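Note sheet for the following structure.
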Amino acid sequence: MEAWSVAGLVIVGFFLLWLFFYFIPVGLWFNALVSGVHISLLQLVLMRWRKVPPQIIVRNLIAAKKAGLNLNRNELEAHYLAGGHLNLVVQALISADKANMNLDFKTATAIDLAGRNVFEAVQMSVNPKVINTPPVAAVAKDGIQLIAKARVTVRTNIKQLVGGAGEETVLARVGEGIVTSIGSAVSHKQVLENPDSISRVVLGKGLDSGTAFEILSIDIADIDVGKNIGAQLQIDQANADKNIAQAKAEERRAMAVALEQEMRAKAQDARAKVIEAEAEVPMALAAAFREGHLGVMDYYRLENIKADTQMRESISKPSSGNSK
């Protein structure tokens with residue numbers, strides 16, 4: 001029984017000792033003390049109650065102290081509680097200080113909370129980044145298409161990193177500048193002879209305004225000759241004009257056919273009216289006889305005139321033998 005009681009006391013003692021060192025991290029406090037970071041045991045205990053890992057705060061305070069930076073413990077805790085990446089912020093501040101960059105804690109935390117990697121931004125500011133643009137197609141004034149690829153060297157603009165446009169905007173503006181430069185060239189040969197003229201025109205437009213980057217250089221990596229867009233457009237225009245002319249000619253032909261059919265219909269109507277009028281002549285003669293307006297001698301003279309007219313018409317027509 002005494003052995004079991006001693007073992008139980010040992011276990012309870014170890015548990016109480018672990019509980020003591022968990023809530024009162026004496027080793028972490030001693031590590032901070034020998035590193036020149038002054039922080040009390042009470043503050044370390046209160047960090048646990050505030051749901052802030054003391055190891056992260058103390059480790060970053062020690063790193064900043066060794067790098068010659070004086071950071072405020074409360075500011076570090078506030079940034080951690082705000083959801084920031086404390087390790088990246090401290091690393092970025094140390095790197096910026098070594099590179100003689102003017103980056104304070106407030107700006108670094110603002111960049112971090114804005115969703116950007118502040119440490120990568122500082123690295124890119126020290127070591128510029130090269131961005132390859134996708135192929136950009138443009139047409140010179142002579143109608144020849146050119147396809148250009150460029151390499152844009154940029155570095156981070158810390159002052160405009162919060163709220164500034166990203167790489168996509170820079171690439172879009174560079175592509176627009178390339179299209180403008182090629183489109184203003186009189187001949188595609190001029191562009192092929194002097195590709196650096198594109199770089200000069202694009203750089204002169206201030207394309208990095210309002211972006212999170214500063215454009216250092218724009219180099220044309222490759223230029224390929226594409227299609228003869230001008231000739232193709234002329235061919236398409238000629239085909240369109242031909243189709244329009246054919247459509248207009250077909251319209252005129254249809255109108256002529258319709259007019260011819262209309263004239264034929266009118267002629268048939270006229271013939272029908274003549275036949276109808278000729279059919280009414282005997283009836284009119286009979287009526288004239290009955291009413292006494294026409295005598296027998298008048299009728300004979302009318303028949304003679306009719307016969308004489310038929311004879312003259314037969315004489316005036318050429319015979320079948322003469323026509324052969």
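Enter the angle in degrees (range 0 to 90, nearest 10) between the Cα long axis of helix 229-291 and the first principal axis of the Cα atoms of the chain, meaning the one along which they spread out most.
Approximately 30 degrees, to the nearest 10.
For region 155-302, what does the alpha-carbon gyration tensor say about shape, rounded, prolate or oblate, given a ≥ b ≥ c as the root eigenvalues, a/c under 1.5 as rounded, and a/b over b/c as prolate?
Here region 155-302 falls in the prolate category.
Which length gain, in nm to one decimal place, applies between ALA231 and ASN127 when the Cα-Cα distance is subtracted from 0.36 nm times their residue separation?
Additional length available on full extension: 32.8 nm.
In nm, to one decimal, how far is the modelled label at ILE305 from the one at MET263, with both set 7 Å along Cα→Cβ?
For ILE305 paired with MET263, the spin-label model returns 3.3 nm.
Grab the DSSP H runs of the chain that are 4 residues or longer, score each as -39,500 (n - 2.57), total them, divide by all residues and round the 222 nm result to the nearest 500 deg cm²/dmol.
-21500 deg cm²/dmol
Can you pull the accessible area of MET311 for me, 1.4 Å probe, Å² to the nearest 10?
100
Looking at the chain as a GNM with Cα springs under 10 Å, which of PRO134, PRO53, PRO282 has the largest mean-square fluctuation?
PRO282
Using only the Cα atoms of the chain, each taken as one equal point scatterer with no solvent, compute I(q) by the Debye sum, divide by I(0), and report log10 of the ratio at q = 0.12, 0.14 Å⁻¹.
Values, matching the q order: -1.00, -1.12.
Cα-based Rg (one decimal) and Dmax (whole number) for region 203-252, in Å?
23.0, 65
So which lysines can LYS129 reach, going by Cα to Cα under 21 Å and dropping same-chain residues fewer than 8 places off?
LYS129 reaches LYS98, LYS149, LYS159, LYS205.
Taking the Cα centre of the chain as the origin and placing charges on Cβ (Lys, Arg +1; Asp, Glu -1), which of ILE56, ASN304, ILE244 is farthest toward the positive end of the dipole?
Most positive-ward Cα: ILE56.
So, R0 is 51 Å and r is the distance between the beta-carbons of GLN190 and ASN117; what FRET efficiency does that work out to, to 0.05?
0.75
Roughly how many nanometres apart are two label points built 7 Å out from the Cα toward the Cβ at LYS51 and ILE147?
Going from the LYS51 label point to the ILE147 one covers 5.5 nm.
Kirkwood Rh over Cα pairs of region 44-174 into Stokes-Einstein at 10 °C, 1.306 mPa s: D in µm²/s?
Translational diffusion coefficient: 93 µm²/s.
Can you tell me the 0 to 90 degree angle between the C-alpha axis of helix 167-183 and the longest principal axis of the chain, rounded to 10?
Around 40 degrees separate the two axes.
Measuring from label point to label point, each 7 Å out along Cα→Cβ, what is the ALA78 to SER316 span in nm?
Here the modelled spin labels are 12.1 nm apart.
The values are calculated or read from the model by the stated rules, or taken from the named source; none is laboratory data. All values derive from a computational prediction rather than experimental measurement. Neighbour counts run over all protein chains shown; Cβ positions are idealised from the backbone, glycine included. Calculation scope for accessible area: heavy atoms of the full protein, side chains included, ligands and nucleic acids excluded. Shrake-Rupley method; radii C 1.70, N 1.55, O 1.52, S 1.80 Å.
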